[in-house]
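Report on the following structure.
The values are calculated or read from the model by the stated rules, or taken from the named source; none is laboratory data. It should be emphasised that the depicted structure is a prediction, and the values quoted were computed from it without experimental measurement. So basically every Cβ, Gly included, is an ideal-geometry build from the backbone, and we count neighbours across all protein chains shown. For the accessible areas, the whole protein counts, side chains as well, though only heavy atoms, and no ligand, DNA or RNA atoms are used. Shrake-Rupley method; radii C 1.70, N 1.55, O 1.52, S 1.80 Å.
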Amino acid sequence: MSNALAAESSLYLRQHAGNPVDWHPWSETALDLARALDRPILLSIGYSACHWCHVMAHESFADEATAAVMNAHFVNIKVDREERPDLDRIYQTAHQLLTGRGGGWPLTVFLEPKDLTPFFAGTYFPREARHGMPPFATVLRHIAGVFKDQRSAIGAQNEALRTALAGIESGARGVVAADETRLDEALATSRRQFDAVNGGRQGAPKFPHPREVRLWLKLARRGRPQAAKMAELTLLKMAEGGLFDHVAGGFFRYCVDADWTIPHFEKMLYDNAELTAVYAEAAVQFKNPYFAEVVRRTVAWLQTQMQLAGGGFAASLDADTGGVEGGTYLWRRDEVRAALGAEHELYEKVYGLDRPPNYEDRLWHLQRYHDPSLVAAKLGLDAASAAASLAASHVRLLAARRMRPQPARDDKMLTSWNALAIAALADAGRLLDEPAWRQAAAAALDFVLDRQLAGGRLYAVHAGGRSRLTGLLDDHAFLLAAILACLRNEYRAVWLAAARRLAGQLTERFAAPGGGFYMTPADHEPLPVRPRPWFDDATPSGNALAAAALRDLGHVLADASLFEAGTRALHAGLEQCAPAPQAAPALLAVFADQLQPPPVVLLRGPGDEVRRWSRALGTHLDAAIYPFAPGGAVPEDTAGSAVEALLCTADRCESFAGGLPELAARLAAPAERNAP
């Protein structure tokens with residue numbers, strides 16, 4: 001049989017089209033059906049690359065007996081969390097309020113049909129009793145009985161929950177220090193949470209937190225050497241450990257242990273975009289060639305494994321292969337030796353195959369245990385020969401790995417995640433002087449703008465040949481930031497026009513009273529609450545990136561209203577995040593730039609000269625160089641015979657009198673001395 005999911009564009013929803021469950025996509029039709037039948041809604045939220053989503057699907061949703069209970073008592077709705085992050089945020093927050101625990105995926109929530117407020121929530125439920133959890137069918141029957149017999153109690157609980165949800169999303173939270181104290185407090189908290197042996201935060205599981213590391217890098221450049229040590233150790237341990245795919249490049253989503261050994265094997269576009277950006281920044285800041293190599297291999301993976309025809313990027317690779325988590329990536333020692341032949345010894349010693357198996361006591365997941373040059377010296381090899389040998393070994397192992405079954409790729413194009421990838425490619429291409437990456441960023445940006453920004457609206461998803469779903473805050477803010485990243489490489493009028501449109505959409509359709517932006521536009525479908533997100537989660541806060549981008553665009557367009565809108569968002573966010581500022585590193589980075597404003601340089605002049613200046617200045621980590629005239633009205637090729645520079649800091653801009661060497665020296669000076 002098939003249900004109402006068979007024609008959906010979401011791969012995750014289509015994966016459940018053959019279930020005996022009478023699934024519906026989230027729609028007014030499904031919600032009206034629940035109200036007409038007066039049945040609770042069973043809302044199941046997940047995504048296509050999610051291992052435990054697959055487990056629950058195989059155990060329960062494919063089971064005829066469990067499906068019969070679901071169909072008899074509930075209207076069952078499936079949601080792809082990547083397509084509907086608004087629903088996911090609301091119901092993840094509700095889960096935490098109802099259970100006192102963090103959520104995750106699959107998220108299983110039961111809703112009152114009249115107002116869509118949840119009255120019971122959980123994550124994964126087993127088909128059979130296990131680890132103290134009852135069978136899912138038992139849970140279903142109990143909830144159906146509660147809904148039938150205790151409606152008044154549910155109503156009272158739901159009213160309290162809606163009040164709590166509204167309180168989370170609105171209102172000031174604390175007094176904000178208007179100086180460096182806020183940054184020092186956040187850094188002190190991060191230091192207390194820091195794993196001094198393995199980097200990152202203490203404990204397991206171990207997630208990368210790229211925006212936190214980027215904040216440490218910024219603070220290190222501003223006189224906090226302890227932040228540099230935390231950033232460098234974290235980046236080194238992640239790159240050497242099992243979080244990184246040493247054969248093909250790219251990062252897995254997280255590691256299940258405390259020392260970055262065994263990952264959860266899904267690969268997400270947003271992780272790899274954010275990690276590309278932070279490793280490129282660190283490669284320049286620490287002058288570290290290994291970090292640069294990590295960037296090159298991750299970009300290669302993005303372009304060979306994730307790029308769609310036309311230039312955009314797919315969303316993810318599955319954690320499972322043929323029902324086995326990580327099956328594509330794990331090795332037996334004899335497989336490696338068969339692929340590498342006589343050159344296996346160097347590879348084995350560098351990547352841990354001379355040690356006991358690290359996966360279920362029988363297989364190896366590769367890590368870089370030793371610096372290749374040190375191993376080479378012990379084997380009597382020179383460093384260059386060893387590097388060439390390891391690179392050739394990667395190629396051979398990748399060829400062998402491609403003979404295995406491969407994880408499924410979710411080909412939907414998400415505007416927000418693509419925007420993160422575009423910005424990362426544009427910035428990494430500029431910082432590491434890789435023109436091909438800058439070109440790839442430009443092509444991907446054109447791809448997204450062509451398909452997703454149409455008819456005055458931005459769409460969130462492109463799948464199955466069509467664009468759909470209204471763009472949310474992250475789509476607008478991340479894409480605006482991506483356009484600015486590309487404009488720092490070259491001027492294109494169409495990009496600047498798109499930036500104007502997106503900024504207008506943000507300030508007109510998303511603006512919240514008191515500053516900042518709602519997650520959903522004003523004309524969005526009614527939901528139990530209208531989120532206004534400030535804290536970073538798997539991706540950076542949309543409000544933080546909107547604040548930064550609007551302040552930058554205000555300089556570029558000489559539009560004080562945009563600069564002020566970004567500043568209001570920053571101040572509102574600082575109030576909201578006052579109790580836990582370390583959880584909002586993207587916002588704190590904007591705050592750091594308000595305290596010590598980095599220069600924004602607008603260049604105009606002959607095209608070749610402007611490009612020369614732009615390349616020469618482009619590796620400054622605390623300056624934004626735009627190769628076009630103020631206001632964006634005059635591209636560099638139509639300007640006069642000499643390069644002119646406009647230097648902007650804080651909320652003012654002035655002409656810079658001097659040549660390229662003098663401007664480079666000014667940008668290299670401490671931020672507080674960069675006022676015009």
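Summary table
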read-out: Positions within region 56-104 being at pLDDT below 95 and under 19 Å from HIS16 (Cβ atoms), in sequence order; value: GLY104
read-out: Spans of helices (runs of 4 or more DSSP H) in region 324-384 with at least 2 residues at pLDDT below 95 and surrounded by 13 or more Cβ atoms within 10 Å (Cβ to Cβ); value: 344-351, 372-378
read-out: Residues of region 18-50 satisfying the condition of being open to solvent by 10 Å² or more (accessible area, probe 1.4 Å) and part of a loop (DSSP other than H, G, I, E, B); value: GLY18, ASN19, PRO20, ASP22, TRP26, SER27, ASP38, ARG39
read-out: Qualifying residue in region 375-397 (condition: in contact with a strand residue (DSSP E or B) (Cβ under 9 Å, 6 or more places away or on another chain) and either within 18 Å of THR261 (Cβ to Cβ) or in contact (Cβ under 8 Å) with a residue 40 or more places away in the chain (or both)); value: yes
read-out: GLU59 assigned to a helix (DSSP H, G or I) and within 24 Å of VAL256 (Cα to Cα); value: yes
read-out: Checklist (1) more than 26 Å from the chain's Cα centre (by Cα); (2) assigned to a loop (DSSP other than H, G, I, E, B) applied to SER9, failing item; value: (1)
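Conditions (1) open to solvent by 40 Å² or more (accessible area, probe 1.4 Å); (2) under 22 Å from LEU183 (Cβ atoms); (3) at pLDDT below 90; (4) more than 28 Å from the chain's Cα centre (by Cα), marked per residue:
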| position | (1), (2), (3), (4) |
| --- | --- |
| ASN543 | no, yes, no, no |
| VAL590 | no, yes, no, no |
| GLU609 | yes, no, no, yes |
| TRP613 | no, no, no, yes |
| ALA623 | no, yes, no, no |
| ASP637 | yes, no, yes, yes |
| ALA645 | no, no, no, yes |
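Conditions tested, residue by residue: (1) of a type outside the set (Asp, Glu); (2) under 22 Å from VAL601 (Cβ atoms); (3) at pLDDT 95 or above.
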position	(1), (2), (3)
TYR459	yes, no, yes
GLY465	yes, no, no
LEU484	yes, yes, yes
TYR491	yes, yes, no
ALA503	yes, yes, yes
ALA511	yes, no, yes
ARG532	yes, no, no
ARG551	yes, yes, yes
